[in-house]
Amino acid sequence: MPGPRSSSPKVRERAEVPRGRKPAGTTAVRAHQQSPPTLRAAQYVRMSSDPQKYSIEIQVAAIAVYAARRGMEIVRTYSDPGRSGLTIARRKGLQQLIDDVDSGRSDFDCVLVFDISRWGRFQDTDESAFYEFICRRAGISVHYCSEEFENDGSLSSVILKNLKRAGAAGFSRDLLRNTFMGQSNIVDRGYWRGGAAPYGLRRMLVDANGKRKGVLERGQQKNLKSERVVLVRGPSSEVKIVRRIFSSFVIHRKNRTQIAEELNAEGLLSPGGKRWTALTVSNLLANEIYLGHIVFNRSSMKLAGRRVDNPPEMWIRHDNAFEGIVDPRLFARTRKRLAEVANNKKETDQQLLDSLAALLRRKGRLSVHIIQAAKGVRHPAVYTNRFGSLMRAYELVGYRPGNRYRFMEIAVEIDRTICSVVDDIIINLRGLGVNASFLHELYLVTISGGLTVSVAVARAVSDGDTRSRRWEVRKLKYQKAELTLLIRMDSGNSRIRDYFLLPTAALPLTKDRKKLRVSDRLFSRMRLDSLEAVMAALYGRLRASREECSRISALPLAKQIENATSPTSFRKLGQIPAQTTNRSARKSGGALH
């Protein structure tokens with residue numbers, strides 16, 4: 001039997017190594033055994049309001065501790081400061097995270113989130129699960145650092161996770177209900193519930209006993225919970241402008257566009273410190289606040305849903321909460337005329353044509369300026385709304401303008417169509433919390449301070465001696481926008497038929513770069529049959545990365561259309577294929593062909 005000192009060859013080999021030295025490679029092997037590969041992690045953090053100003057820092061610190069204990073290295077941060085968790089809209093951080101993961105650009109192995117509520121308070125809990133599934137499908141796990149369970153796919157973790165998601169959604173619903181009750185109580189007591197004071201009015205701070213403490217300037221807030229805010233009359237200069245707007249509309253029979261143009265020509269600024277628009281004037285004319293009435297809940301919006309108008313019986317109001325600045329009789333006449341303009345039913349078709357024919361007999365010709373200056377004749381927009389176009393009204397009274405005047409009338413109709421569509425787009429975007437502005441001189445819409453959209457109208461023209469029709473854009477005013485929205489009219493140029501949203505850089509303009517022919521062969525896949533589809537496409541573009549937009553714009557037009565209509569592109573850019581339905585056609589004002 002071998003003695004106790006016998007050893008294997010490996011033992012003998014180790015014994016032969018001189019003292020103080022280690023076999024080659026031993027250190028590397030031990031280091032490899034003791035330090036497993038570090039996981040690369042991305043962290044996602046979100047806070048929803050200013051009172052949580054330390055929330056981001058708290059989340060980052062907790063995530064850092066979690067990562068250190070598990071040997072993870074945080075290599076990327078996605079953040080959404082001051083963003084609600086009800087929806088992914090406006091959460092650029094989460095949008096970028098999902099896009100990086102889904103496109104294969106991610107350079108990390110897992111995502112660290114403080115807790116489930118930071119991932120989102122989606123009212124449909126399946127939406128929260130869907131975004132996590134996108135990560136898991138790409139081989140990237142999601143860790144909720146402060147939750148009491150491991151997100152390991154086990155039955156217990158799935159149950160707890162769904163309960164947490166439901167609780168996060170319920171928190172938002174409870175918060176909304178409590179907020180609504182609090183604001184309703186404030187209005188019911190005649191106080192101003194918040195926000196900037198309307199034009200011509202100011203916010204006055206009062207104590208618990210109603211004693212006035214001073215006017216709050218823009219941006220200032222009350223300090224004590226016991227304090228309240230009431231509305232009072234503002235500077236006399238603003239009060240005069242408010243009364244002037246009401247008088248111009250009712251007594252002088254000016255339309256809202258004319259009033260806005262006059263105020264802008266005098267260098268007067270609107271309530272937001274910007275130029276006056278027809279929409280601004282319209283909102284002012286319809287606001288009961290100038291009677292001293294505070295009205296709340298005229299419209300409402302479910303969590304992450306669309307805003308809807310509520311019937312009057314649902315309104316919460318406090319009449320005569322303060323001294324009004326507009327005479328009640330003048331306001332009543334204003335409301336009546338607004339209803340007439342909206343319904344456009346004051347005169348029959350024949351009465352409108354009779355007054356237009358009488359004007360033609362007096363003047364010998366007709367034009368927009370002649371109609372606008374004539375007393376007893378409705379505004380040209382009334383004829384356009386009633387008969388489809390001003391040219392059609394001319395035909396019905398037997399007037400055929402010369403080419404020069406015909407071009408002027410067409411230009412007016414194009415301007416009206418563009419302004420109407422753009423107004424709807426801006427109103428819808430603001431309803432989604434997205435800022436947008438319109439430069440009328442260039443027919444240019446700027447969305448969120450970055451995305452630019454040029455707007456043009458494609459009208460039907462005769463193709464030679466044949467009866468076939470083709471569509472042309474006479475002039476694209478601004479050719480440097482990222483996108484161009486083409487509004488195509490029907491064959492009679494009286495109603496909107498459909499829309500096209502395309503990259504401007506690749507539009508097939510004529511050699512003089514003035515005209516554009518709309519080709520169904522090239523543009524059919526970019527067709528949008530309703531304004532709702534246009535809104536979806538524009539909103540999707542806001543979610544697309546700048547790099548992706550630049551890459552697409554550099555491609556030939558046919559390739560852009562192919563890419564833009566592919567399922568992958570629709571997923572990345574947020575566009576939706578146009579769906580031809582009678583409902584959407586009616587909303588867009590166009591006919592389906």
Relative to the present Cα-Cα distance, how much length would full extension add between residue 68 and residue 515 at 0.36 nm per residue of separation? 154.7 nm
Using mean Cβ contacts within 10 Å as the protection proxy, how do 380-389, 103-112 order, highest first? 380-389, 103-112
Gain on full stretching of the segment that runs from residue 332 to residue 266 - 0.36 nm per residue minus C-alpha separation: 21.0 nm
Which value in nm describes the separation of the simple spin-label points at residue 61 and residue 525, placed 7 Å from the Cα toward the beta carbon? 5.3 nm
Cβ-based charge dipole, segment 347-401, positive-most Cα from 350, 394, 366: 366
Low-density loop cleavage sites - trypsin sites (Lys or Arg not before Pro) in segment 195-268, where at most 13 other Cβ are within 10 Å (DSSP): 211, 218, 225, 253
Please list, by residue number, everything in segment 350-378 whose backbone N is under 16 Å from a paramagnetic label point 7 Å out along Cα→Cβ of residue 474. 367-369
Would you mind getting me the FRET efficiency between residue 385 and residue 224? Use the beta-carbon distance for r and R0 = 45 Å, nearest 0.05. 0.30
Suppose R0 equals 56 Å; then what is the FRET efficiency for residue 400 and residue 296 from their Cβ-Cβ distance, rounded to the nearest 0.05? 0.55
If packing is taken as the mean number of other Cβ atoms within 10 Å per residue, what is the order of 471-484, 494-507, highest first? 494-507, 471-484
Excluding same-chain residues fewer than 8 positions from residue 375, which aspartates and glutamates have a Cα within less than 19 Å of its Cα? 340, 347, 349, 354
Along the Cα-to-Cβ line of residue 323, 7 Å from the Cα, sits a label point; which residues in segment 272-296 have backbone N less than 18 Å from it? 289-294
Residue 152 to residue 340: extension gain in nm, 0.36 nm per residue of separation minus the Cα-Cα distance? 61.3 nm
Pairs on different chains or at least eight residues apart, Cα atoms closer than 19 Å: how many lysine pairs in segment 201-342 fit? 7
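Only the coordinates and a few stated rules stand behind these numbers; no lab work does. A quick note: this is a predicted structure, and the numbers were derived from the prediction, not measured. Here the Cβ is made from the backbone with ideal geometry for all residues, glycine too, and neighbour counts use every protein chain on show.
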